[in-house]
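Chemist: What follows is a single structure, and I will ask about it in a moment.
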Amino acid sequence: MPIRRPRDADAGADPLDAAQADRVRAVLALGGVSRDDLQDGLQQVRLRLVERRARGEEPPRDVGAWAVVVASNLAVDWHRTRHRQERVSERLTRLSTPDDRVQDGTENSLQALAVAEGLDALPAAQRQVLVLRYYADLTVPQIAEHLGIPLGTVKSRLYAAAKLLRDRLHVEEAV
C-alpha cells in the first residue's frame with residue numbers, strides 16, 4: 001500500500017494568477033516565441049517557480065515581475081534557437097489569412113508586422129529590455145534588479161533598442 005504524504009494546501013494551486021499568466025504569454029509572444037509554443041513557455045515559467053519553492057527558496061518579492069523576466073529569458077533562448085527567416089515567413093502566412101476580428105485589417109496587420117520584424121532585428125539583449133520595459137511594464141530599476149545588470153546598462157540598451165527600432169520603422173515607412 002502506498003504511503004500518503006500530507007499535501008501542502010498550495011501544492012495544487014497555480015503559482016501564477018490569470019493576469020500574470022497573460023503577461024507571461026505576452027512577453028513570450030513579443031520575444032518571438034511562436035503561438036504554438038506559448039503554452040509551453042508559460043508552463044516553463046510555472047515549473048521554475050514550483051522548482052524554486054521545492055528547493056525551499058524564498059518566493060520572489062514580486063512574482064509577476066519575476067515571471068516576466070523568466071519569460072523574457074526563455075524568449076531569448078527560444079529566439080536564439082530559431083532561424084529568423086522562418087519566423088518572418090510564418091507571420092506573413094498568418095497575415096495572409098483573413099481574420100474576422102480585424103476590421104481595417106491591412107493597415108493594422110502591416111503595422112504589427114513591421115513592429116514584429118523590427119523587434120526580431122534587434123540584438124537579443126536590447127529586445128529583452130525593450131519588451132520588459134514597454135510590454136511587461138517593468139521599471140528600469142526592476143529590470144536591472146531582475147536581470148542582474150547595472151541600471152546604466154539597462155538605460156543604454158533601452159536607448160539603443162528604441163533608436164534602432166525607430167530608425168527601422170521610419171525607413172520602412174518611407175518606402
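The values are calculated or read from the model by the stated rules, or taken from the named source; none is laboratory data. Being a predicted model, the structure only gives us computed values, none of them experimental. Backbone-built Cβ (ideal geometry, glycine too); neighbour counts: all protein chains shown.
Chemist: Would you pick out the residues in the range 1-58 that are more than 21 Å from Y134 (Cβ to Cβ), of a type in the set (K, R) and at pLDDT 90 or above?
Modeler: If the condition is that a residue be more than 21 Å from Y134 (Cβ to Cβ), of a type in the set (K, R) and at pLDDT 90 or above, then R46, R48, R55 are the ones that fit.
Chemist: Given the options R157, R94, name the one that is among the basic types (K, R) and either modelled with pLDDT under 80 or touching a strand residue (DSSP E or B) at 6+ places or on another chain (Cβ under 8 Å) (or both).
Modeler: Working: R157 fails: either modelled with pLDDT under 80 or touching a strand residue (DSSP E or B) at 6+ places or on another chain (Cβ under 8 Å) (or both).
After applying the criteria, what remains is R94.
Chemist: List the number of the failed condition for D36; all other conditions in (1) exposed (fewer than 13 other Cβ atoms within 10 Å of the Cβ); (2) outside any helix (DSSP H, G or I); (3) not hydrophobic (A, V, I, L, M, F, W, C) hold.
Modeler: Every condition holds for D36 apart from (2).
Chemist: With the requirement that a residue be touching a residue at least 12 places away in the same chain (Cβ under 8 Å), part of a helix (DSSP H, G or I) and not polar (S, T, N, Q), what does the range 125-140 give you?
Modeler: Those that are touching a residue at least 12 places away in the same chain (Cβ under 8 Å), part of a helix (DSSP H, G or I) and not polar (S, T, N, Q): A125, R127, V129, L130, V131, L132, R133, V140.
Chemist: Considering only the range 60-75, I want to know if a residue exists there that is farther than 19 Å from H146 by Cβ, modelled with pLDDT of 65 or more and either crowded, with 16+ Cβ neighbours inside 10 Å or charged (D, E, K, R) (or both).
Modeler: No; the residues of the range 60-75 include none that is farther than 19 Å from H146 by Cβ, modelled with pLDDT of 65 or more and either crowded, with 16+ Cβ neighbours inside 10 Å or charged (D, E, K, R) (or both).
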